[in-house]
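The structure appears below as structure tokens.
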Amino acid sequence: MIKNIIFDMGGVIISFTPKETLKRYFPDDGDSDMIYDVLFNQNLWGEMDRGTKTAAEVAREACRLLPERLRERLTRLILNWWDEMPPIPEMCDFIAGLKAKGFGIYLLSNTPCEIYERMDDIPAFKYFDGIIASCDWKRVKPDPEIYRILFRKFSLLPEECFFIDDMQTNIDGAASVGMKGHCYSHGSLELLRRAMHDEGII
């Protein structure tokens with residue numbers, strides 16, 4: 001029986017569309033693609049999520065790899081990227097409904113340490129019973145150990161948890177340690193509700 005719903009953050013409870021964000025700041029496709037490659041394909045962003053680099057350090061490293069004409073705008077974007085990730089209101093309402101039904105609500109997110117400065121800006125956080133932020137543990141999904149950290153810290157049983165994440169690799173990681181889940185890459189609450197209904201959760 002599912003007693004706890006575990007949520008990812010970016011792409012689930014807040015918007016996270018890096019390619020679209022870069023395109024707004026850097027309309028030239030060549031520029032935005034080049035920056036995306038440096039930040040994401042070369043794993044600089046991943047180092048922030050792992051808690052091994054700050055946003056300022058990532059900005060400096062990225063700028064060293066990119067043309068000077070892009071550096072000022074890119075630094076400004078990286079240091080203020082949270083402003084590009086607004087909360088998703090309908091998901092907040094959905095989480096509130098689950099909480100009212102008695103489910104435990106937890107966060108398991110690959111996220112930089114700046115999350116703690118932004119929690120008050122994300123209304124859904126008031127419903128959470130606990131969070132695991134990757135930056136605190138130096139591990140990122142889909143490493144099986146970060147799921148085990150969640151279970152140990154909050155005394156949860158994997159078979160009693162259901163995980164919602166926007167990346168299939170992270171859902172697969174959850175499955176590898178016995179936790180069912182649903183890939184929310186489609187962004188449709190109706191499809192999510194249907195999947196949870198099919199699992200006998202709601």
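Observations on the structure shown:
- Per-region count, the stretch 177-202, residues over 16 Å from L156 (Cβ atoms) and not in a strand (DSSP E or B): 18
- Picking from residues in the stretch 160-201 that are crowded, with 18+ Cβ neighbours inside 10 Å and among the β-branched types (V, I, T), the one that is nearest to M1 (Cα to Cα) is I201.
- Restricting attention to the stretch 142-156, the residues that are out of contact with any strand residue (DSSP E or B) (no Cβ under 7 Å at 6 or more places or on another chain) and assigned to a loop (DSSP other than H, G, I, E, B) add up to 3.
Residues are listed down the side, and each one gets a yes or a no for (1) surrounded by 15 or more Cβ atoms within 10 Å (Cβ to Cβ); (2) modelled with pLDDT of 95 or more; (3) under 18 Å from the mean Cα position of the chain (by Cα):
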{"site": "I2", "(1), (2), (3)": "yes, yes, no"}
{"site": "G11", "(1), (2), (3)": "yes, yes, yes"}
{"site": "I35", "(1), (2), (3)": "yes, yes, no"}
{"site": "R71", "(1), (2), (3)": "yes, yes, no"}
{"site": "T75", "(1), (2), (3)": "yes, yes, no"}
{"site": "G97", "(1), (2), (3)": "no, yes, no"}
{"site": "I115", "(1), (2), (3)": "yes, no, yes"}
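- Test for C113: is it assigned by TED's automatic domain parsing to the domain that holds M179 and under 21 Å from T21 (Cα atoms): yes
- Selection of first residues in the stretch 32-52 that are touching a residue at least 24 places away in the same chain (Cβ under 8 Å) and over 20 Å from E20 (Cα atoms) and of second residues that are of a type in the set (D, E, K, R) and buried (at least 18 other Cβ atoms within 10 Å of the Cβ), restricted to Cβ pairs under 8 Å at least 6 apart or on distinct chains, gives the following pairs, ordered by first then second residue: R50/R139.
- Count of residues meeting criterion [hydrophobic (A, V, I, L, M, F, W, C), surrounded by 15 or more Cβ atoms within 10 Å (Cβ to Cβ) and out of contact with any helix residue (DSSP H, G or I) (no Cβ under 7 Å at 6 or more places or on another chain)] in the stretch 99-113: 2
- Test set (1) surrounded by 14 or more Cβ atoms within 10 Å (Cβ to Cβ); (2) out of contact with any Asp or Glu (no Cβ under 9 Å at 6 or more places or on another chain) - P142 fails condition number: (2)
- Within the stretch 82-107, residues that are β-branched (V, I, T) sit with their Cβ atoms under 7 Å from residues that are in a helix (DSSP H, G or I), at 6+ positions apart or across chains, in these pairs: I95/A124; I95/Y127; I105/I95; I105/L98; I105/K99; I105/Y127.
- Qualifying residue in the stretch 122-135 (condition: in the same structural domain as L189 (by TED's automatic domain parsing), under 23 Å from D165 (Cα atoms), in contact with a Cys (Cβ under 9 Å, 6 or more places away or on another chain) and part of a loop (DSSP other than H, G, I, E, B)): yes
- Selected residue (criterion: farthest from the chain's Cα centre (by Cα)) from residues of the stretch 81-95 that are in a helix (DSSP H, G or I) and surrounded by 15 or more Cβ atoms within 10 Å (Cβ to Cβ): F94
The values are calculated or read from the model by the stated rules, or taken from the named source; none is laboratory data. What you see is a predicted model; the values in this text were computed from it and never measured. FYI the Cβ positions are ideal-geometry reconstructions off the backbone, even for glycines, and counts take in every protein chain you see.
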